[in-house]
2 protein chains.
Amino acid sequence: MAATRHQPGSGSATPAAPVGIAAPPVDPAAHREVALRLARTEQRYTPLRRALVEVMAQSGRPLTMPEILRSSPELSQSTAYRNIATLIEAGVVRRVSGTGDHGRFELAEDLSGHHHHLVCLSCGKVSDIVPTPRLERALREAVEAAAGSTFAVIEHRFELIGSCTDCR
Amino acid sequence: MAATRHQPGSGSATPAAPVGIAAPPVDPAAHREVALRLARTEQRYTPLRRALVEVMAQSGRPLTMPEILRSSPELSQSTAYRNIATLIEAGVVRRVSGTGDHGRFELAEDLSGHHHHLVCLSCGKVSDIVPTPRLERALREAVEAAAGSTFAVIEHRFELIGSCTDCR
DNA sequence: GTTTATAATGAGAACCATTCTCATGTCAAC
DNA sequence: GTTGACATGAGAATGGTTCTCATTATAAAC
């Protein structure tokens, strides 16, 4: 559950936090921004919603509902789903479709940083890729090449499918 | 339901078939290949499975189960789901995740041709993009730039999210 | 500090896409 | 035409997600 995000091309993974040491707390400015967005939709930033944001911020990858419930057992399932929906409506959280039958949730990109996804075919896990300038350049070119005049492009998804380190 | 696939960059959409004229029949060679793949998994190419392949081949975009059932009402729902599963196992059909809660199904790329997807945020429809060489070049570069040493890449997904012609 | 209005919570029921069950139908080989 | 194996159809079961409603927490007004 420690924050680990792939830096492609480097080959050296970010070292995981030592066992027993909690991941660093979420930037207070991010919390303020979340509170602001909830306020815009007339919602409160309650302790449980705060807990959800913490869990997602510290995971460094999109989480399924079972994973979320495991890391904060004080949440009842219905409340967790309802609050995720609230956070999505406020533009704080994004739903990502993975491989299995569970949806996956992560913080919106403008809170967590722009990134893409690695999807593991065997275990279904999804991890983040923090893009290099070279990757972003290539993707910008791809979007331009793909965008016809018949479709208004708002965003793009780029995902790598394969098998992750644990599954090899 | 007529076969229409976007050719990006051209700006001129493929004209739809006149109303009342059926879409062209599926290439017999493709049917033979499907039969072969089913035979490999010891499955028969029944008329209902043939109907499913026809529907998917002629739609030119990934279809939801309700859409499939609407275009061939002779299929019972359970049989349709079971046969789609059989076809997926035989490597004939691929499941695509769209926006809504319905899964979407399409023929495998080696039967329908390599392509990417446009996902409409308002109506949820998914249409195919037949890639230009320029797009493919950019994507190849992107995959190379993204592939670190820690993840074995098997394939990649590239999707454009926005609003389609009908929804603007 | 108490009251009051409103929103949030929790347990469980409801919903719905998908899968499973089982009785029946169909096909191919002998 | 008998036999055996697979395919089909109707409906039940499954499971992720959403809804309901009674209870609790919160913020503002007094």
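The values are calculated or read from the model by the stated rules, or taken from the named source; none is laboratory data. Here the structure is a predicted model, which is why all the values come from computation and not from measurement. In this analysis, Cβ positions are derived from the backbone assuming ideal geometry, glycine residues included, and neighbour counts consider all displayed protein chains.
Descriptive notes on the structure:
- Within segment A:27-92, helices (runs of 4 or more DSSP H) holding 2 or more residues that are of a type in the set (Ser, Thr, Tyr): A:77-89
- Any hit, segment B:105-118, residues being touching a residue at least 40 places away in the same chain (Cβ under 8 Å) and in contact with an Asp or Glu (Cβ under 6 Å, 6 or more places away or on another chain): yes
- The set of residues in segment B:44-87 being hydroxyl-bearing (Ser, Thr, Tyr) and buried (at least 21 other Cβ atoms within 10 Å of the Cβ) consists of B:SER59 alone.
- Out of A:LEU118, A:LEU135, A:LEU160, A:LEU139, sole residue that is surrounded by 16 or more Cβ atoms within 10 Å (Cβ to Cβ), under 15 Å from the mean Cα position of the chain (by Cα) and either facing another protein chain (nearest Cβ under 10 Å) or not charged (D, E, K, R) (or both): A:LEU118
- Residue check, A:GLY148 more than 8 Å from chain B (Cβ to nearest Cβ) and at pLDDT below 95: no
- A:ILE68 being β-branched (Val, Ile, Thr) and closer than 20 Å to B:ILE161 by Cβ: no
Every residue, every condition in (1) surrounded by 19 or more Cβ atoms within 10 Å (Cβ to Cβ); (2) out of contact with any helix residue (DSSP H, G or I) (no Cβ under 8 Å at 6 or more places or on another chain); (3) farther than 14 Å from A:PHE158 by Cα, yes or no:
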residue: B:VAL93; (1), (2), (3): yes, no, yes
residue: B:GLY100; (1), (2), (3): no, yes, yes
residue: B:VAL126; (1), (2), (3): yes, yes, yes
residue: B:PRO131; (1), (2), (3): yes, no, yes
residue: B:VAL143; (1), (2), (3): no, yes, no
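- Of the set (1) away from DNA strand D (no atom under 12 Å from the Cβ); (2) under 20 Å from B:PHE158 (Cβ atoms); (3) among the hydroxyl-bearing types (Ser, Thr, Tyr), all apply to B:THR64 but (2).
- Figure legend. Inter-residue proximity from segment B:34-48: first residues within 14 Å of another protein chain (Cβ to nearest Cβ), second residues part of a helix (DSSP H, G or I) and more than 9 Å from DNA strand D (Cβ to nearest atom), beta-carbon distance below 7 Å, spacing 6+ or different chains. No pairs are indicated.
- Of the residues making up segment B:39-47, not a single one is in contact with a helix residue (DSSP H, G or I) (Cβ under 9 Å, 6 or more places away or on another chain) and aliphatic (A, V, I, L, M).
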